[in-house]
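Novice: Below you'll find the structure I mean.
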Amino acid sequence: MDEVGAKAEAIVERLGTGPVPAYPYYRQDYFDLEVAAVFRRTWLQVGHVCELPEPGTYMVRPLEFAKTTLLITRGPDGVIRAFHNVCTHRGTQLVFDEGGRKTSFTCLYHAWTFNHDGQLRSAPDFERFYTEKSKCGLPPVAVDVCAGLIFVNLDPRPKQGLRDFLGRYAEELETLPVARATNFSEYVYEVDANWKLTYDNFQENYHLRFIHPRSGGAAVGEGNQFGYPVAYNFNGPHRGQTIWVNTKAAPTPFQAFAFGKQAGFAVADGFAGGARNKEYYGIFPNFFLLGSATQPFSQCVMPVAADRTRCVIRLYWIGEDRCASQRVGREYAMALARDIHCEDRAVIEAGHRGLSSGAIEHIHFQSQEVLCRHLFNTIDAMVEDYKSGRAAAGGAT
Amino acid sequence: MNAQAAAGRLPPGFEALEPFVEHWALAGSANRAQARDTSTESDRVAFYRAGLTLAPAALDYLDRKPLSELDEQDRRLLSLTLSLCHAALAVETQGVDEPKHAKMRGHVRITRGSDKRDA
């Protein structure tokens, strides 16, 4: 066994080797528990500060698993705040568009109007109500920023702050291109599959040579036929890998040209040969990003339902396109990443169809699928804790 | 469009790309990706071959000006070079699998390009 294989084996000994139950990957009851135990009480990445560039800007984010949308604002004071996007009069959804700039937010039903800090500014004929404006602010949601990334936490009293939650990754993320990003390319797809099945696809390389035989050329070969990572690391609920690259794989002619342009700008931005260029950061529960300056790629894997997931992929860029060459380099980086993702989507759906038939009771993870096992172990421990807490409180499990 | 009517849509020196202006010279990443999806194999390959030869000269030429100062001819040349990213993936990478791959791409929507000035 090679050195990387030996390291993976050592980790697996800690995390277990047994088969993993299949039902958590498709059943509604387990999904409901995940929402309660994880997604309603964990920091979730929902955007980037470059989407709120100035005071008065805002964005709206759907969180279908919680049956809510969030209104995230940057107030005149420059502070970023998040609220449930719901009028406190009679609960009507407040903002319907996806974002932009407004001086205030007015409910279409009875014209209650709110400031960027959530306070009720005005309401017609308010003296006939039996309450005070100061008690009618928008319901706040915890929000914080690390490396330019905006995270929210639906727990009214989060158990830990964002930086504590991210642990040592917080400091590392701050050194990546994303922390200085001012804009991004984006593509989106929805997949008829459970979110864990979707996320797992992006944290194992075992599938690369089969699903990406053409687009994944530099990811496999030369004594590493499956393209397994150089190293794994674990950081509380989070996990990472150091990506292996086949340096002997010859790029195609236009690819070499476009990559060359990209590399030149990475040098100019001070990221060339950066220590974290090959790092993959898996931020629990449903976000990951690469440390690469030429493919500064992130993906949010958002559960919509037990069998439906929305993936938002972004390549975060520093500055507007400076010249034609930079625009071409960025276009190619985005188009290549999209080509690869298109190939993943169909097989993820096939996985969900197979599992949701109930035909198999267990799935198997090999040692180089250890990040998938770590995600399951982490989720399942939180679900079990939640069930124990409810049982102790006298609720049904 | 005949060659005479098409002439002059690109800066001097890039006449070989004139036949591809109509289909490929588009603003916006999503539109350029769609041009790949709706192209024929022979058109893609012809565009790729002509584009690959001229791409270094095209960017050398375009990089002499700030993006905001590109004129209409320059902008067409830039759009063509950007579309070449998509055509190159089809020709260099996907090859005979391109028709199968095109079906997969239909589910993955480009919602934002790298710069809002290109739309």
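The values are calculated or read from the model by the stated rules, or taken from the named source; none is laboratory data. Computed from a prediction, not measured in an experiment: that's the story for all the values here. A quick note on method: Cβ atoms are made from the backbone with ideal geometry, for glycine too, and the neighbour counts reach across all protein chains shown.
Novice: Which strands (runs of 3 or more DSSP E) sit wholly inside region A:275-394 and have at least 3 residues that are among the β-branched types (Val, Ile, Thr) and within 20 Å of the chain's Cα centre (by Cα)?
Specialist: A:308-317
Novice: Determine whether region A:213-224 contains at least one residue that is farther than 24 Å from A:Phe284 by Cα, assigned to a strand (DSSP E or B) and more than 14 Å from every other protein chain (Cβ to nearest Cβ).
Specialist: Yes, region A:213-224 contains a residue that is farther than 24 Å from A:Phe284 by Cα, assigned to a strand (DSSP E or B) and more than 14 Å from every other protein chain (Cβ to nearest Cβ).
Novice: Determine which member of the set A:Pro76, A:Pro53 is assigned to a loop (DSSP other than H, G, I, E, B), closer than 24 Å to A:Leu289 by Cα and of a type outside the set (Phe, Trp, Tyr).
Specialist: When all the criteria are applied, what remains is A:Pro53.
Novice: Also, quick follow-up: If a residue has to be surrounded by 16 or more Cβ atoms within 10 Å (Cβ to Cβ) and in contact (Cβ under 8 Å) with a residue 12 or more places away in the chain to count, how many in region B:61-71 make the cut?
Specialist: 3
Yes or no, residue by residue, for (1) in contact (Cβ under 8 Å) with a residue 24 or more places away in the chain; (2) more than 12 Å from every other protein chain (Cβ to nearest Cβ); (3) of a type outside the set (S, T, N, Q):
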{"position": "B:Leu17", "(1), (2), (3)": "yes, yes, yes"}
{"position": "B:Trp24", "(1), (2), (3)": "yes, yes, yes"}
{"position": "B:Ser42", "(1), (2), (3)": "no, yes, no"}
{"position": "B:Ala50", "(1), (2), (3)": "yes, yes, yes"}
{"position": "B:Leu54", "(1), (2), (3)": "yes, no, yes"}
{"position": "B:Gly106", "(1), (2), (3)": "yes, no, yes"}
{"position": "B:Thr111", "(1), (2), (3)": "yes, no, no"}
{"position": "B:Ser114", "(1), (2), (3)": "yes, no, no"}
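Novice: Further question: For region A:92-158, list the strands (runs of 3 or more DSSP E) that sit wholly inside it and hold at least 3 residues that are surrounded by fewer than 21 Cβ atoms within 10 Å (Cβ to Cβ) and in contact with a Phe, Trp or Tyr (Cβ under 8 Å, 6 or more places away or on another chain); which are they?
Specialist: The qualifying strands (runs of 3 or more DSSP E) are A:99-101, A:140-146.
Novice: Of the residues A:Ile340, A:Ile348, which single one is among the β-branched types (Val, Ile, Thr), in contact with a Leu (Cβ under 7 Å, 6 or more places away or on another chain) and more than 8 Å from every other protein chain (Cβ to nearest Cβ)?
Specialist: On inspection, the qualifying residue turns out to be A:Ile348.
Novice: Moving on to the next point. Of these, A:Arg373, A:Arg353, which one is away from chain B (no Cβ under 12 Å), of a type in the set (Lys, Arg) and crowded, with 21+ Cβ neighbours inside 10 Å?
Specialist: A:Arg373
Novice: Name the single residue, out of those in region B:56-71 being acidic (Asp, Glu) and within 9 Å of chain A (Cβ to nearest Cβ), that is nearest to B:Phe14 (Cα to Cα).
Specialist: Looking at residues that are acidic (Asp, Glu) and within 9 Å of chain A (Cβ to nearest Cβ), I get B:Asp60.
Novice: For a quick check of your reading of the model, give me the residue pairs whose first member lies in region B:72-100 and is within 7 Å of chain A (Cβ to nearest Cβ) and in a helix (DSSP H, G or I), whose second is of a type in the set (Lys, Arg) and crowded, with 20+ Cβ neighbours inside 10 Å, with beta-carbon atoms closer than 8 Å and at least 6 apart or on different chains.
Specialist: Here the result reads B:Leu78/A:Arg327; B:Leu82/A:Arg327; B:Leu82/B:Arg32; B:Cys85/B:Arg32; B:His86/B:Arg32; B:His86/B:Arg36; B:Leu89/B:Arg36, each pair linking region B:72-100 to a residue that is of a type in the set (Lys, Arg) and crowded, with 20+ Cβ neighbours inside 10 Å.
Novice: Answer yes if at least one residue in region A:323-334 is surrounded by fewer than 21 Cβ atoms within 10 Å (Cβ to Cβ), within 8 Å of chain B (Cβ to nearest Cβ) and farther than 29 Å from A:Ala170 by Cβ, and no otherwise.
Specialist: Yes, the conditions are met somewhere in region A:323-334.
Per-residue answers, yes or no, for (1) within 14 Å of chain B (Cβ to nearest Cβ); (2) of a type in the set (A, V, I, L, M, F, W, C):
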site: A:Pro158; (1), (2): no, no
site: A:Arg163; (1), (2): no, no
site: A:Gly167; (1), (2): no, no
site: A:Arg180; (1), (2): no, no
site: A:Ser185; (1), (2): yes, no
site: A:Val188; (1), (2): yes, yes
site: A:Asn194; (1), (2): no, no
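Novice: What is the one condition in (1) at pLDDT 95 or above; (2) under 28 Å from A:Tyr26 (Cβ atoms) that A:Glu343 does not satisfy?
Specialist: Going through the list (1) at pLDDT 95 or above; (2) under 28 Å from A:Tyr26 (Cβ atoms), A:Glu343 breaks only (1).
Novice: Of all residues in region B:26-40, which are without any contact (Cβ under 8 Å) to a residue 40 or more places away in the chain and either within 11 Å of another protein chain (Cβ to nearest Cβ) or in a loop (DSSP other than H, G, I, E, B) (or both)?
Specialist: B:Thr38, B:Thr40
Novice: Would you please name the residue that is nearest to B:Leu78 (Cα to Cα), looking only at residues in region B:17-34 that are over 8 Å from the mean Cα position of the chain (by Cα) and of a type in the set (Gly, Ala, Ser)?
Specialist: Per the stated criteria, the residue is B:Ala27.
Novice: Further, regarding this structure: From the list A:Ala193, A:Ala181, pick out the single residue that is more than 22 Å from A:Ala335 (Cβ to Cβ), of a type in the set (A, V, I, L, M), modelled with pLDDT of 90 or more and surrounded by 18 or more Cβ atoms within 10 Å (Cβ to Cβ).
Specialist: Exactly one of A:Ala193, A:Ala181 is more than 22 Å from A:Ala335 (Cβ to Cβ), of a type in the set (A, V, I, L, M), modelled with pLDDT of 90 or more and surrounded by 18 or more Cβ atoms within 10 Å (Cβ to Cβ), namely A:Ala193.
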